Structure formats: structure tokens, C-alpha cells
Amino acid sequence: MVGIFSMWKRVERLQHRVSELEKSNSSLNWIEKALKKAGEPTSSVIQYARIGKRLAEDDRFLDYETHPLMRVISMTTRSWCDRQLMNDDRLAPSELECNSERFWYEELKTNADSWNSSEAFSRFYGGCHEPLLPPRQSEAFDKKLFHEFSRKEYDRLLVPSDLSPSRLTDDTVELGVDAINCAPWNYDRFFDSMERNDPSQKGEEWDRCPASSYVMTLPFCMTAVHSTGNHATVSGILLHTGRPKLDRIDNYTMSPMFDRVSTDGGTWQIDGKPYCYVSDPLAAKIWELCRAVHQSPYPIRYRGVVVNPNPSDNNMGKA
């Protein structure tokens, strides 16, 4: 009897081990499938790249004060900015986790609890540098999946040039129309700003925060609120009132980054080799549209000024 009991115990242990191995293999297979899915190209991003190239190469738009491609970029960027508008968790804090928006890395983390979530994200998706710019590669990037793209090289390629707002035919930003990246973070301040600016309450003109600074980045056609003034700006956006003047323009159009960094919606690529996955397909669309401006054989104007000047032509950048 002792021998039979001992045999059954060994069988039990063997079955348990087989079960553990099956679970492990299942998890590994799932991770492999998830990684493969995360890197697949996105047809909509590829479509935006095609339409950007076609618009940029159409010489019939040569003398337009604002090139249609810049209008497409402006509207697409506006869509991106609208998504950020009420996205700050501090505006309406909650202890409940919202799972309506999930990335593949979250699914991977579920199947590998030992991973730290932020490390898992950056390992595959990199880290945000500035809004709408390509992500920086994590130092802990997965070397089996990605080509190295160092931070030093990233910074070397990202070269903005100054453009005076006074050179534009319109040096203001129209709240509620133009693409503005800002978000309220305090509900009481948001309420006060709405009450102060809503014509149905006090009927006053839009009240700009005196210390705020409005900086546009090209070719993204996006204006960011620097220093202070997020709540006042958001109230102007929602009420569709206010035209603050631009304080500065950073023009990245001729940055070498556009020559070497591209995306197909699945991965961000350096010299055609993937260096991380895409977490924001809309930002990828905007990047490919902006690459078309950079690579255009013709001058592309925005509000009367050529944003992709040829260094050999001193007149090209003038209105």
C-alpha cells in the first residue's frame, strides 16, 4: 500500500508540473501574439502619409497663402488637442480604474505580473518628449525587437528654428478654432473661469491670464499654453471667444528628424528600422503629414510664410 501511495504522489507532482508548464507556455505564446499585434502597421496612418505626399507634391497649391496640407494638419492636430482637453485626472479624481482605453502593454502586464507598469510601457513604447514629437527610446528597450536610437542622437536630430509671429498674416490664435494644447487641472478654478467669461453670466469679454504665454510649434500648427493660463484658455475654447497673440513660434519643419524618423502606425522607425511601438496612432498620422511638408519639393506656406524654406533661397521664407 505504501508503494502505491508513493506512486500516486509522484503522479500528482508530475501532473502539477505539466500543468504549470502548460500555463507558462500559454502565457509566453500569448505575449508573442500580443507583441506581434502591437507592431502591425495601421492602414489609416499609411493613408495619411499618402495624402500628405500627394498634397505636398501638387504644384497647383504653390501660391496659396495657407497650403491645404497645413489646413489638414491643423484640423488633425485640433482633433488630438480636443482629446487632451478634459484628460487631467485631477479635474475629477476617482478611485475606480477606467479600462475603456487599453494598450497592448497593459494586456502584456496582466500576463506578467512581475513587470512594473511604467517600465513595461517604456520598454515597448518609449517615453514622451514633447507633444506630437516621436517618443524617446527607453534605455531598457527590448533589444530583440528594436533598433537602438540613443537620446544623444535624438537630441541631435531635433533642431527647431525661430520664426517671428509678426511675419504671419495673422499672429493670433483663435480659441475654439485653432489647435491648442491645454487642459484644466483644478475644478474650482475651471468653474471660476467659466463664470467669469460666459456671457450668460457676466457678459464680459474673454479675460486672458496676464502671465500666460502662447507658443506655436510648426509644422504641427499647435499652440501650447506656457507658464499659467490653462483654465482661462479652456474657458475661451469652450465659449469660442478670445484671440490671444502668439508670443513665440518654434519651427521644426526643417529638422533632420523628419528625414530619419517615420512611422507606419505600428512602430516608430529610425532609418526604416523599428525602435519602439506606437501608442498614439493619431500622433503618428500627424507626424507623417508633417514629414510630407518637410519633404515637399515646393514651398509650403502657412499664414503667408513659407515654413519649409530652402536655405539657398533668401526670399523663400518671406510672405
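The values are calculated or read from the model by the stated rules, or taken from the named source; none is laboratory data. Just so it is clear, the structure is predicted and the values come from calculations on it, not from any experiment. No Cβ is skipped: glycine too gets one built from the backbone with ideal geometry, and neighbour counts run over all protein chains shown. For accessibility, only protein heavy atoms count, side chains too; no ligands or nucleic acids. Shrake-Rupley method; radii C 1.70, N 1.55, O 1.52, S 1.80 Å.
Return yes or no: is A140 on the phi < 0 side of the Ramachandran plot, modelled with pLDDT under 95 and not aromatic (F, W, Y)? Quick ask: steps written out before the conclusion?
Numbers: on the phi < 0 side of the Ramachandran plot: yes; modelled with pLDDT under 95: yes; not aromatic (F, W, Y): yes.
Yes, satisfied.
Find the residue count for region 201-237, including only residues that are outside any loop (DSSP other than H, G, I, E, B) and within 15 Å of P165 (Cα to Cα).
As a first pass, look at region 201-237 and keep what is outside any loop (DSSP other than H, G, I, E, B): 213-218, 222-226, 230-237.
With the extra rule that they be within 15 Å of P165 (Cα to Cα), the set shrinks to 213-218, 222-224.
Here the count works out to 9.
Would you check which residues across region 201-232 are at positive phi and either exposed (fewer than 12 other Cβ atoms within 10 Å of the Cβ) or small (G, A, S) (or both) and list them? Before the answer, list the steps.
As a first pass, look at region 201-232 and keep what is at positive phi: 203, 221, 227, 229.
Passing the criteria: G203, S227, G229.
Might you check whether a residue that is modelled with pLDDT of 90 or more, more than 30 Å from A120 (Cα to Cα), surrounded by 14 or more Cβ atoms within 10 Å (Cβ to Cβ) and under 18 Å from the mean Cα position of the chain (by Cα) occurs anywhere in region 81-97?
no
Is region 232-250 home to any residue that is out of contact with any Ser or Thr (no Cβ under 8 Å at 6 or more places or on another chain), touching a residue at least 60 places away in the same chain (Cβ under 8 Å) and among the basic types (K, R)?
Within region 232-250, not a single residue is out of contact with any Ser or Thr (no Cβ under 8 Å at 6 or more places or on another chain), touching a residue at least 60 places away in the same chain (Cβ under 8 Å) and among the basic types (K, R).
Give me the pairs: first residue in region 152-180 and within 22 Å of W80 (Cβ to Cβ), second residue of a type in the set (G, A, S) and buried (at least 17 other Cβ atoms within 10 Å of the Cβ), beta-carbon distance under 6 Å, and six or more apart or on different chains, which are they?
Listed pairs, sorted by first residue: L158/S255; L175/G236; L175/G242; A179/S74.
With the condition kept exactly as written, say whether any residue in region 196-215 is aromatic (F, W, Y), touching a residue at least 24 places away in the same chain (Cβ under 8 Å) and under 14 Å from L246 (Cα atoms).
yes
Quick check on this structure: which one of D198, D247 is more than 24 Å from R167 (Cα to Cα) and surrounded by fewer than 19 Cβ atoms within 10 Å (Cβ to Cβ)?
Working: D247 fails: more than 24 Å from R167 (Cα to Cα).
On inspection, the qualifying residue turns out to be D198.
For region 118-157, what are the residues that are open to solvent by less than 30 Å² (accessible area, probe 1.4 Å), outside any helix (DSSP H, G or I) and not small (G, A, S)?
The answer is L132, L133, P134, P135, Q137, F141, D142, F146, F149.
Out of all the residues in region 140-190, which are within 20 Å of M222 (Cα to Cα), in contact with a strand residue (DSSP E or B) (Cβ under 8 Å, 6 or more places away or on another chain) and among the charged types (D, E, K, R)?
Across region 140-190, the qualifying residues are D162, R167, D171, D178.
Only residues that are crowded, with 20+ Cβ neighbours inside 10 Å and either out of contact with any strand residue (DSSP E or B) (no Cβ under 6 Å at 6 or more places or on another chain) or part of a helix (DSSP H, G or I) (or both): list them for region 53-73, please.
Of all residues in region 53-73, those crowded, with 20+ Cβ neighbours inside 10 Å come to 55-56, 67, 69-70, 73.
L55, A56, L69, M70, I73 - these are the residues of region 53-73 that are crowded, with 20+ Cβ neighbours inside 10 Å and either out of contact with any strand residue (DSSP E or B) (no Cβ under 6 Å at 6 or more places or on another chain) or part of a helix (DSSP H, G or I) (or both).
Inspect all residues belonging to region 167-185 and state whether any of them is closer than 21 Å to L246 by Cβ, open to solvent by 50 Å² or more (accessible area, probe 1.4 Å) and assigned to a strand (DSSP E or B).
Checking region 167-185: not a single residue is closer than 21 Å to L246 by Cβ, open to solvent by 50 Å² or more (accessible area, probe 1.4 Å) and assigned to a strand (DSSP E or B).
Working only within region 186-200, note down all residues that are touching a Leu at 6+ places or on another chain (Cβ under 9 Å) and not in a loop (DSSP other than H, G, I, E, B).
The initial filter retains those residues of region 186-200 that are touching a Leu at 6+ places or on another chain (Cβ under 9 Å), namely 186-187, 190, 194, 197-199.
Matches in region 186-200: Y187, F190, M194, N197.
Of the conditions (1) in contact with a strand residue (DSSP E or B) (Cβ under 7 Å, 6 or more places away or on another chain); (2) surrounded by 20 or more Cβ atoms within 10 Å (Cβ to Cβ), G236 clears all except one; give me its number.
(1)
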